[in-house]
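What follows is calculated from the coordinates using simple rules that are stated; it is not laboratory data. As the structure is a computational prediction, the values presented were derived from the model and not from experiment. Cβ: placed from backbone, ideal geometry, glycine included. Neighbour counts: every protein chain shown.
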Ligand SMILES: C[S@@+](CC[C@H](N)C(=O)[O-])C[C@H]1O[C@@H](n2cnc3c(N)ncnc32)[C@H](O)[C@@H]1O
């Protein structure tokens, strides 16, 4: 197999078919190895990330919302437990970059990968953020100033109606002028910030009252007749500066020597050398539990994806092909991982038509039966409280399971 060679950047250089098993196997639960115990098995006990992580996590982790975002305290516990300082940690399905950022914070080099353009943007924004608030504000003021000069040139006639419905026309012109400029100059951090303030009911956001995570207007709850102020012009300048300031409220100290890379590749074929990463920590998709295209369609439109279905067709999510695609990804993860090291996958149980699919068990069986097999070390179960679920009373998961695989020496 040919692989492209990947260069990791430091911040300073910024810039076979598988059917479901007929007989259900029970995964073997093994005791932690002595080395594992030394690192503190308590660190991977779900109790260690119980409660809200919102007040503890780096505010950079809150740059923009993402459906299915991993809890930062869980990501940090897994990085700490399954890798060492100076290791290279890979997340092949990194979503909004929680694992890569926690890896940097914990002194690991990191590689994040996700095929989704919005996930890619947010991860780049996090990994290559300016190191100080003053540098970030200066950068924001520079680009806002430039965009303001171009605002009048923005013609909204070509903007689809469904997008226009979310914004006051002047706010939309300003937003488009700025986003166009930020994309042209590859200013991922600011791009991430603007996408993070795109939609919400709060006054610090750019849209008319809308939900924060998925793009739905809240016109019934907040009718124009009763809440006229919510439908007025909202300037981008003050909101973006305030957003940048919020991001540095709980700043992070990351060594500039740490190497980092963000890829937008298919996890089935990563441009990584064999045996080159020291740990894989990831939360792959679980069957069709979440719709990453539709749920991000407004942000995707601003990123240049006119139709979210284009994204969905390349992501792993269709139940009919899910296991087959994940098998190819497991083979790829096995190839990239150094012998003796861990591949830790956070997977949810999926409820559908009254039955529950234990995704982690299915993946564990597959991983154990590959031509070059993983050893299934353990399976840890974490109950997800309702407030942490992206959607309630639907197909999304109630139980999260942490499948710990190891590539044999
Ligand atoms: C459960 S989410 C990851 C969430 C992430 N841990 C976070 O904290 O934001 C799964 C991710 O896998 C990505 N994905 C799905 N199929 C993919 C593929 N074939 N290659 C790369 N990424 C893919 C989706 O875009 C989504 O972001």
At what distance in nm do the modelled label points of residue 356 and residue 180 sit from each other, each positioned 7 Å from its Cα along Cα→Cβ? 5.2 nm
What area, in nm² and to one decimal, does the C-alpha convex hull of the range 308-357 cast on average over all directions? 5.0 nm²
Per the rule of 0.36 nm per residue minus the C-alpha distance, extending residue 152 to residue 265 adds in nm 37.0 nm
Counting other C-beta atoms within 10 Å, which of 193, 72 has the fewest, and how do the rest follow? 72, 193
Pulled fully out, how much extra length does the chain show between residue 409 and residue 226, if you take 0.36 nm times their separation in residues and subtract their Cα-Cα distance? 59.2 nm
Sorted from fewest to most neighbouring beta carbons within 10 Å, what does the list 329, 343 look like? 329, 343
Can you put 321, 123 in order, fewest other beta carbons within 10 Å first? 321, 123
Extension gain from residue 137 to residue 212, taking 0.36 nm per residue of separation minus the Cα-Cα distance: 24.6 nm
What Kirkwood hydrodynamic radius do you get for the chain when you take the inverse of the mean 1/r over all pairs of distinct Cα atoms, in Å? 22.2 Å
Per q in 0.15, 0.20 1/Å, what log10 I(q)/I(0) does a Debye calculation on the alpha-carbon atoms of the range 241-369 return? -0.96, -1.23
So how far, in whole Å, is the C-alpha centre of the range 310-343 from the one of the range 154-205? 34 Å
Would you calculate the separation in nanometres between label points at residue 318 and residue 370, each defined as 7 Å from the Cα along the Cα-to-beta-carbon direction? 2.3 nm
Cα coordinate range in the range 133-247, projected on the principal axes (Å, largest first): 40, 32, 22
